[in-house]
1. For the stretch 200-228, how many residues meet the condition of being without any contact (Cβ under 8 Å) to a residue 24 or more places away in the chain and within 17 Å of Leu131 (Cβ to Cβ)?
2. Could you figure out which of (1) away from the ligand (no atom under 15 Å from the Cβ); (2) modelled with pLDDT of 95 or more; (3) under 23 Å from Asn118 (Cβ atoms); (4) among the acidic types (Asp, Glu) isn't true of Asp223?
3. Among all residue pairs at least 6 apart or on different chains, which show Cβ distances below 8 Å where the first residue, located in the stretch 35-56, is hydroxyl-bearing (Ser, Thr, Tyr) and the second is part of a loop (DSSP other than H, G, I, E, B)?
4. Looking only at the stretch 118-137, filter to residues that are under 14 Å from the mean Cα position of the chain (by Cα), of a type in the set (Gly, Ala, Ser) and not in a loop (DSSP other than H, G, I, E, B); which one of those is nearest to Glu161 (Cα to Cα)?
5. Within the stretch 39-97, which residues are in contact with a Gly (Cβ under 6 Å, 6 or more places away or on another chain) and either under 30 Å from His184 (Cα atoms) or not β-branched (Val, Ile, Thr) (or both)?
6. So, in the stretch 1-19, exactly how many residues are out of contact with any helix residue (DSSP H, G or I) (no Cβ under 6 Å at 6 or more places or on another chain) and over 25 Å from Val94 (Cβ atoms)?
7. Within the stretch 117-137, which residues are farther than 15 Å from Ser179 by Cβ, within 11 Å of the ligand (Cβ to nearest atom) and open to solvent by 20 Å² or more (accessible area, probe 1.4 Å)?
8. Of all residues in the stretch 77-91, how many are within 22 Å of Pro127 (Cβ to Cβ) and open to solvent by less than 100 Å² (accessible area, probe 1.4 Å)?
Amino acid sequence: MVTGASRGIGRAIAIELAARGFDTVASMRNTADGEDLPGPSGIRVERLDVTDPSSIALPDGLRVLVNNAGVESDNLPVEHMPLESWQRLFATNVFGLVEVTKRAVPTMRAAGGGVICNITSSSTLAPVPFLGTYRASKAAVTAIGESLAAEVAQFGIRVIEIMPGPIETEMLAASDRPSAAVEHAEYRELAERLWEGRQGIRASYTPAGEAARRIVDAICDDDGPLRYGCDDLSEGMLAGWNGTDNAQWVRGMLRSFS
Ligand SMILES: NC(=O)c1ccc[n+]([C@@H]2O[C@H](COP(=O)([O-])OP(=O)(O)OC[C@H]3O[C@@H](n4cnc5c(N)ncnc54)[C@H](OP(=O)(O)O)[C@@H]3O)[C@@H](O)[C@H]2O)c1
């Protein structure tokens with residue numbers, strides 16, 4: 001089962017899982033968005049809004065859950081980000097994911113094990129200005145995933161975290177403009193510099209289908225690590241982060257942003 005499979009990375013993962021023979025449920029808020037997905041033997045489309053517990057029903061025999069549904073907001077300095085934006089992001093990216101995951105654990109345990117795959121973001125590895133709210137919601141999932149992995153390994157449930165870089169989806173397109181922080185005089189110069197820097201990663205934008213292939217490889221990688229990238233940029237960042245003294249990594253990143 002994949003959450004947020006109406007479009008973007010989630011839809012691509014559902015298609016890739018079905019292509020590899022998984023009996024796949026593409027869950028989404030509006031099932032009309034899934035009308036063009038392959039028919040009954042490939043992908044089943046079901047309604048699921050992660051912020052609405054009454055809509056969460058998981059199939060018996062569930063072996064793979066991909067917690068993909070996610071939202072972001074205007075990128076603003078911590079000083080100016082409205083509390084409602086923090087609450088909205090955490091409602092979906094953290095509390096919604098927790099609600100689905102809580103229900104998946106007993107179902108998977110009963111099925112003899114499985115894989116819980118959380119989609120976070122490689123941005124948590126870099127102190128990117130104006131992304132504090134989004135990064136915090138994803139970093140919360142990192143911590144939840146680590147504890148969960150330690151709790152459920154005994155049931156044969158593997159927990160993995162995918163940390164995408166820039167993947168070509170509507171979410172990436174929406175963020176492909178100068179940060180809303182330019183409206184705040186004290187942060188304008190930094191926002192403009194950040195936008196210039198953004199041009200440098202444009203060549204790394206990766207199609208969702210390619211990311212999905214790497215994500216499903218990770219799901220099937222039985223003895224693999226906890227964390228994976230799913231594109232060249234995030235795989236490079238993860239390798240750099242893994243291989244470097246953390247203080248040195250953050251210092252280097254801070255220098256490049258400020
Ligand atoms: N694209 C990137 O560059 C990138 C980078 C790092 C991490 N990510 C993460 O990857 C995941 C997928 O992102 P994407 O780029 O594919 O974004 P996207 O194109 O905006 O798709 C987001 C998906 O999440 C769904 N969703 C939002 N709120 C939901 C809710 N309450 N319940 C169920 N589904 C909900 C959306 O459904 P609707 O169609 O109903 O709105 C949509 O299917 C997210 O967790 C995102 O944070 C993406």
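1. Looking only at that region, the number is 1.
2. Every listed condition holds for Asp223 apart from (2).
3. Ser55/Leu48; Ser55/Asp49
4. Selected residue: Ser122.
5. Arg63, Asn68, Ala69, Val78, Asn93
6. Residues that pass the stated criteria total 3.
7. Listed by number, the list holds a single entry, Thr124.
8. Total satisfying the criteria: 8.
The values are calculated or read from the model by the stated rules, or taken from the named source; none is laboratory data. Keep in mind the model is a prediction, meaning the values are calculated, not measured. Here the Cβ is made from the backbone with ideal geometry for all residues, glycine too, and neighbour counts use every protein chain on show. Note: areas computed on protein heavy atoms with side chains; ligands, DNA, RNA excluded. Shrake-Rupley method; radii C 1.70, N 1.55, O 1.52, S 1.80 Å.
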